[in-house]
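Please treat every number below as a calculation from the coordinates, not as lab data. Computed from a predicted structure; not experimentally measured. All Cβ positions, even for glycine, are placed from backbone atoms using ideal geometry, and neighbour counts span all protein chains on display.
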Amino acid sequence: MKILLLEDSVIVAKLLASLLKSRGYEVIEAVSVAQAMDHLVEADIAILDYQLPDGNGLDVARELRRRKPSAYLILLTARGHSITEREARRAGIDQYLEKPVEPETILGIVEVHSKQAAA
């Protein structure tokens, strides 16, 4: 199972990537929308930060949903952003999480989806 991790915070990205890799997932790390767009068709799961230097995670979600409809999409957003869960769902997001989020919460969501996808 390949996971696209789009996060511009180096600390958060390294923590999540390390945790996911320790559980056997292949993690493709991206720090910008442009980088993420190069890896869309590879992703089975995408963990997308909302606010990025060159756009937002919803831009990636819409394109990923178009190119690979079966991908499971998780959006991470800081509290206080103007994006609502309803808007995120319209963009194709499956799971909407407000930061701060415990890494184990994200891992749990990934593991549940991985098991469902394998069944």
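What the table shows:
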{"item": "C-alpha center-to-center spacing [segment 8-33, segment 34-51] in angstrom", "result": "11"}
{"item": "Computed [θ] at 222 nm, deg cm²/dmol, the chain (DSSP H ≥ 4; -39,500 (n - 2.57); rounded to nearest 500)", "result": "-12500 deg cm²/dmol"}
{"item": "Antiparallel DSSP beta bridges within the chain, as percent of all bridges there, nearest 5", "result": "10"}
{"item": "Flagged links, alpha-carbon separation over 20 Å, of Lys14/Lys68; Lys21/Lys68; Lys2/Lys115", "result": "Lys14/Lys68; Lys21/Lys68"}
{"item": "Relative contact order computed over the chain (Cα-Cα under 8 Å; 6+ residues apart), in percent", "result": "23"}
{"item": "Unit charges on C-beta of K, R, D, E only; dipole of the chain, Debye", "result": "340"}
{"item": "Whole-number D in µm² s⁻¹ for the chain, Kirkwood Cα-pair radius fed into Stokes-Einstein, 20 °C, 1.002 mPa s", "result": "154"}
{"item": "log10 of Debye I(q)/I(0), alpha-carbon scatterers only, for segment 76-119 at 0.17, 0.24, 0.31, 0.33 Å⁻¹", "result": "-0.56, -0.91, -1.06, -1.09"}
